[in-house]
Amino acid sequence: MHLFRFLPVLKDLKYADSHEWVKVEGNSATIGITDHAQDHLGDVVYVELPEVGAAVKQGESFGAVESVKATSDVNSPVSGKVVEVNDELSGSPAKVNSSPYEDGWIIKVEMKDAGELKNLMDSEEYSKFCEEEDSKH
């Protein structure tokens, strides 16, 4: 029998199947990796950030998170333009582990098409997705 550690999934966010979250406020989208993702990665030692002004596309990589175990691409759950990056992660990449939904956010994007949010999962769908994914391993 498997014992799963249920990690927090926040209700007001949208989730991509590549384990990024997005918090939408008007036209602005804050993006990070989920608690599930940071848990699987292990201790984060480096976060590769894009430049402010860079264009991002839904489902495409904009940076990477490097942990003691592996380097993992970070994909954007929405398309648009990077308007802010979390520079604090350069000096404190472990914030991605300790506070993935708050202090460990990665970028803020000005969204091009809010309709893209329909392609993402809500918290219930994402929780179910993680359970199914974990049960395969």
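Data table
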read-out	value
Filter result (crowded, with 21+ Cβ neighbours inside 10 Å and hydroxyl-bearing (Ser, Thr, Tyr)) within segment 12-27	Tyr15
Among the residues listed as Lys112, Lys57, Lys118, Lys108, the single one being within 11 Å of Ile31 (Cβ to Cβ), among the charged types (D, E, K, R), out of contact with any Leu (no Cβ under 9 Å at 6 or more places or on another chain) and modelled with pLDDT of 95 or more	Lys108
Of all residues making up segment 66-96, the number that are closer than 18 Å to Ala29 by Cβ, without any contact (Cβ under 8 Å) to a residue 60 or more places away in the chain and of a type in the set (Val, Ile, Thr)	5
Residue within segment 56-65 that is small (Gly, Ala, Ser), closer than 20 Å to Leu120 by Cβ and over 12 Å from the mean Cα position of the chain (by Cα) present	no
Filtered residue count, segment 28-53, keeping only those that are in a strand (DSSP E or B) and surrounded by 18 or more Cβ atoms within 10 Å (Cβ to Cβ)	7
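The values are calculated or read from the model by the stated rules, or taken from the named source; none is laboratory data. As the structure is a prediction and not an experimental result, all values here were calculated from the model. Because the Cβ atoms are built from the backbone with ideal geometry, glycine has one as well, and the counts that use them run over all protein chains shown.
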